[in-house]
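Scroll down for the structure; my scribbles are underneath it.
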Amino acid sequence: MERFLPLIVIVLAGILLASDLNRGWVPHDEGALGQAAERVLAGQVPHRDFDDIYTGALAYLHAASFYVGPRASTTLRIPVFLFALLWVAALYAIARRFVPAAGAALVAITALVWSVPNYPASVPSWFNLFFATFGTLALLRGLETRQRQWMVLAGLAGGISFLFKLSGIFYLLGGGIALIATSFRRPPDGTAETTATRSGAVLISVILGLVVILLGVPIARAGFSEVVRFLLPLGLLIGALIWREWSYGGMSASARGRALFETLGPFVLGALLPVVLYVVFLLLTSALPQTVQGVLVKPFRRMDSAMMHPPPPPVLLFTILFGLLLLKRGGGRGATVLAIFAAAVLGGVVYVGYNPGFYAIGVLTAWGLPLLAAVGAAWLVKSSGPAGATPTTDAAFAVTAVACATLLIEFPFAAPIYLLYTIPLAMLALAAVVGSAGRTAVSIQWVAAGFLLVFGLFRVIPGSVESFGSRFIPTDETVRLNLARGGLHVRAADASRYEALVGHVQGLANGRVLWAGPDAPEVYFLSGIPNLTRTLFDFLDEAQVPVIERVRAVGATLVVLNLKPDFSGPPDEATVAALRADFPNVTEFPGFLVLWR
């Protein structure tokens, strides 16, 4: 049975993904993704010819999807579906290194339940998560075999992830910290602990200290909640490594540096390979300066305008109680009684999870899992003592380092939906730590994992993505968007509004030039009418040109004015009056004005 379990997990994952694949619609997301793919198919290069909001690889992947399938939002979901199946298999393979097969299956399915099915749009954050997991699996394989090609593959996953979105570098950070840990070597017995042999500890302390400073400055400026959420987990891991270097290390700086280079070199090489190839492509297409600006400069300018703080630290109480449950050692009657009691309490939380207070208990318990895993991984390092870490302990630390580093994808905009991109690796890390420690009663492990699975199945997946993290509201996205480029299941009001709007725009488009905005890329994509500007989202433009000037700059004769943009400020009365003066014909739709001449 065990040998068929991975296949069973993948089949179950496929059923779960397929049942929700066309649910979950954020109009501007789908519009921007579809429009970028179309522009690539038309021969345009991201950043050179239009302001892509990501690095560029996603636009090419979606363009390939449109090349073989219809140009519709449903086609964009296919890459996510296929990659997610591979991802679940990777989750199982990683978890299997720490827990029995049945437990690994439970971990993989639970991680899936809290992730892709809730918002299966083909956004790059999913691919960051997928490649972080693929890279972690290669990293673990490299630690097991000591074969450098696995480390190259681990780095390669990070480089590819970066080409999807800048936040792919967070996996590389986590992988780097993991390899610093595994490059540690204890001196032979009897080696004198002189000042010279402590220079290796100084070297590692400086490197890791610089990491803390570089991360800590912007995080600390954001607030104390950010420090606890993002810096504390990584700080615990880094602190444990520095403590070990000073307590048990005895290498000179040169020897420690060589060990570090030998371990990190293949990983860095793998990360650079796809990036260098992409840079060569950008040079050949004369797109490198614009891409550097769009990928490495503009995102940092947006940090001040897009900020959302994580929950305050006191909510960690729920996670702390969850962690105390996992401290129960051994088996016997005591563990059985505690497991039954915990199952009853946690089952009650699921049952009354429609209540906002009890719903918060479930979500916030999951929210704090990265810190719980970090505490456990730091304890594993501390408790290894002079005998040294075991291969399993090193592997658990590596998984946790990646989970805590990729948590930074939530910074600086810690919207609840971003938990869906970070919770899976946190669950995997906690399973790795608990499995490596070998202390927690099996019955308690099953109760804890079962709670997260059942809560996800009954209070996360069936809920609305907009209400995720605040309260349980069953989704009402049940009506098919009956447009040639639609096909997704959306709210009845959205279906009615966009079907009428797009139909009207298409009827007026013959011979006219369209301008749609602010922040309305879905109008271009759903209507199939080209966007003659560089802009996908107006609020991201470096020069904030008034709407009326944008319209006149492209010689528009047909305007779709978004009255309630999600990011840019709504058009004021003067803007509406100026447009009405230029365009005598006006039709009103909920949230939009269509003007033409």
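Quick notes on this one:
- Residues that are at pLDDT 95 or above and either of a type in the set (Ser, Thr, Tyr) or part of a loop (DSSP other than H, G, I, E, B) (or both), drawn from region 508-517: Arg512, Val513
- Scanning region 36-46 for residues that are touching a residue at least 40 places away in the same chain (Cβ under 8 Å) and buried (at least 24 other Cβ atoms within 10 Å of the Cβ) yields Ala36, Pro46.
- For region 467-486, filtered to residues that are surrounded by 15 or more Cβ atoms within 10 Å (Cβ to Cβ) and not hydrophobic (A, V, I, L, M, F, W, C), the residue that is farthest from Ser73 (Cα to Cα) is Arg471.
- Selection of first residues in region 421-449 that are basic (Lys, Arg) and of second residues that are surrounded by fewer than 24 Cβ atoms within 10 Å (Cβ to Cβ), restricted to Cβ pairs under 7 Å at least 6 apart or on distinct chains, gives the following pairs, ordered by first then second residue: Arg439/Arg329.
- Failed condition for Asn510, given (1) under 27 Å from the mean Cα position of the chain (by Cα); (2) closer than 24 Å to Leu481 by Cβ: (1)
- Long-range neighbours under 8 Å by Cβ, at least six apart or interchain, first residue surrounded by 23 or more Cβ atoms within 10 Å (Cβ to Cβ) within region 354-365, second of a type in the set (D, E, K, R) and part of a helix (DSSP H, G or I): Tyr359/Arg459; Gly362/Arg459
- The condition of being closer than 30 Å to Tyr418 by Cβ and surrounded by fewer than 16 Cβ atoms within 10 Å (Cβ to Cβ) holds for only one of Arg186, Arg221, that being Arg221.
- Test set (1) in contact with a Ser or Thr (Cβ under 9 Å, 6 or more places away or on another chain); (2) surrounded by 16 or more Cβ atoms within 10 Å (Cβ to Cβ); (3) without any contact (Cβ under 8 Å) to a residue 40 or more places away in the chain; (4) not polar (S, T, N, Q) - Ala553 fails condition number: (2)
- Any hit, region 276-294, residues being assigned by TED's automatic domain parsing to the domain that holds Leu231, of a type in the set (Gly, Ala, Ser) and at pLDDT 95 or above: yes
- Members of region 564-597 that are of a type in the set (D, E, K, R) and either in contact with a Phe, Trp or Tyr (Cβ under 9 Å, 6 or more places away or on another chain) or assigned to a loop (DSSP other than H, G, I, E, B) (or both): Lys564, Asp566, Asp572, Arg597
- Pairs linking a residue in region 99-116 that is of a type in the set (Phe, Trp, Tyr) to a residue that is at pLDDT 95 or above and part of a loop (DSSP other than H, G, I, E, B), with Cβ atoms under 9 Å and 6 or more positions apart or on different chains, are Trp114/Ile461.
- Hey, Leu457 touching a Gly at 6+ places or on another chain (Cβ under 9 Å) and not in a loop (DSSP other than H, G, I, E, B) or not: no
- Test: residue in region 477-485 that is within 25 Å of the chain's Cα centre (by Cα), touching a residue at least 12 places away in the same chain (Cβ under 8 Å), in the same structural domain as Pro590 (by TED's automatic domain parsing) and over 20 Å from Phe589 (Cα atoms): no
- Within region 422-433, none of the residues are modelled with pLDDT of 95 or more, part of a loop (DSSP other than H, G, I, E, B) and within 22 Å of the chain's Cα centre (by Cα).
- Residues located in region 462-500, provided they are within 24 Å of Val594 (Cβ to Cβ), touching a Leu at 6+ places or on another chain (Cβ under 7 Å) and in a loop (DSSP other than H, G, I, E, B): Leu481, Leu483, Arg485, Gly486, Gly487, Leu488
- Index of the failed condition, Glu542 passing every other in (1) touching a residue at least 40 places away in the same chain (Cβ under 8 Å); (2) in contact with a strand residue (DSSP E or B) (Cβ under 8 Å, 6 or more places away or on another chain); (3) not in a helix (DSSP H, G or I): (2)
- Test result for Ala543, among the small types (Gly, Ala, Ser), more than 17 Å from Leu593 (Cβ to Cβ) and out of contact with any helix residue (DSSP H, G or I) (no Cβ under 6 Å at 6 or more places or on another chain): yes
- Any hit, region 305-314, residues being in a helix (DSSP H, G or I) and not charged (D, E, K, R): yes
- Filter result for the condition that a residue is at pLDDT below 95 and either in contact with a His (Cβ under 6 Å, 6 or more places away or on another chain) or β-branched (Val, Ile, Thr) (or both), over Val465, Val505, Val460: Val465
- Any hit, region 72-79, residues being assigned by TED's automatic domain parsing to the domain that holds Pro117, in contact with a Lys or Arg (Cβ under 6 Å, 6 or more places away or on another chain) and over 23 Å from Gly486 (Cβ atoms): no
- The residue list Gly368, Gly388 contains one member that is at pLDDT below 95 and either in the same structural domain as Ile180 (by TED's automatic domain parsing) or touching a Cys at 6+ places or on another chain (Cβ under 7 Å) (or both), which is Gly388.
- Residue selected from region 217-255 under the condition of a type in the set (Ser, Thr, Tyr) and part of a helix (DSSP H, G or I), by the criterion nearest to Ile204 (Cα to Cα): Ser254
- Given (1) touching a Gly at 6+ places or on another chain (Cβ under 8 Å); (2) crowded, with 22+ Cβ neighbours inside 10 Å, index of the condition Ser122 fails: (1)
- Residue in region 322-331 that is among the charged types (D, E, K, R) and surrounded by 16 or more Cβ atoms within 10 Å (Cβ to Cβ) present: yes
The values are calculated or read from the model by the stated rules, or taken from the named source; none is laboratory data. All values reported here derive from a predicted model rather than from experimental measurement. No Cβ is skipped: glycine too gets one built from the backbone with ideal geometry, and neighbour counts run over all protein chains shown.
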